[in-house]
Amino acid sequence: MLELTEKLDKPQTSTGVLLLPFEVRQKSRFRAVLADGRDVGVSIERGSVLRHGDFLGDGAGQAIAVEAAPERVSTVYVDNRQLLARAAYHLGNRHVPLQVGTGWLRYLEDHVLDGMCEQLGLTIRHENQPFEPESGAYGHHHSHE
């Protein structure tokens, strides 16, 4: 089994792909299977969150690309900026991971949150999409366009 123990800043060439849902990308220690079938064990610094586009290494030259797996999400598309801001405010008050794009918000599918958004007058679309939520005010920021 390949042991991945470090996040790489600038890998040279990817030697494999690790496709993971957000729930797993929040963990610092786990086992998984690469796209090519190889088993891997990941043990990185506690508190690390893996993002789409990150690379993991084994200290011996392996550079494994991390990709966000498609998963069941609820996406709210709206042209009304005030309504979009209200939805973001209410979802943020529930401390759920939230992905923000131009004219849309996305969270992991949840019927309670869907109901709240519908009460605000929003239409929810259930999709299978990679989920890449905001990292928070003190984390590293990513663009989600």
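Results, tabulated for the structure shown:
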| item | result |
| --- | --- |
| Tally, over segment 48-75, of residues that are under 14 Å from ARG25 (Cβ atoms), part of a loop (DSSP other than H, G, I, E, B) and small (Gly, Ala, Ser) | 3 |
| Filtered residue count, segment 103-128, keeping only those that are hydrophobic (A, V, I, L, M, F, W, C), assigned to a strand (DSSP E or B) and in contact (Cβ under 8 Å) with a residue 40 or more places away in the chain | 2 |
| Per-region count, segment 1-47, residues assigned to a strand (DSSP E or B), exposed (fewer than 15 other Cβ atoms within 10 Å of the Cβ) and under 13 Å from the mean Cα position of the chain (by Cα) | 0 |
| Close pairs from segment 75-102: first in the same structural domain as GLU118 (by TED's automatic domain parsing), partner in a loop (DSSP other than H, G, I, E, B) and acidic (Asp, Glu), Cβ under 8 Å, at least 6 apart | VAL96/ASP110; PRO97/GLU134; LEU98/GLU134; GLN99/GLU132; GLN99/GLU134; VAL100/GLU134; GLY101/GLU145; THR102/GLU145 |
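The values are calculated or read from the model by the stated rules, or taken from the named source; none is laboratory data. Computed from a prediction, not measured in an experiment: that's the story for all the values here. In this analysis, Cβ positions are derived from the backbone assuming ideal geometry, glycine residues included, and neighbour counts consider all displayed protein chains.
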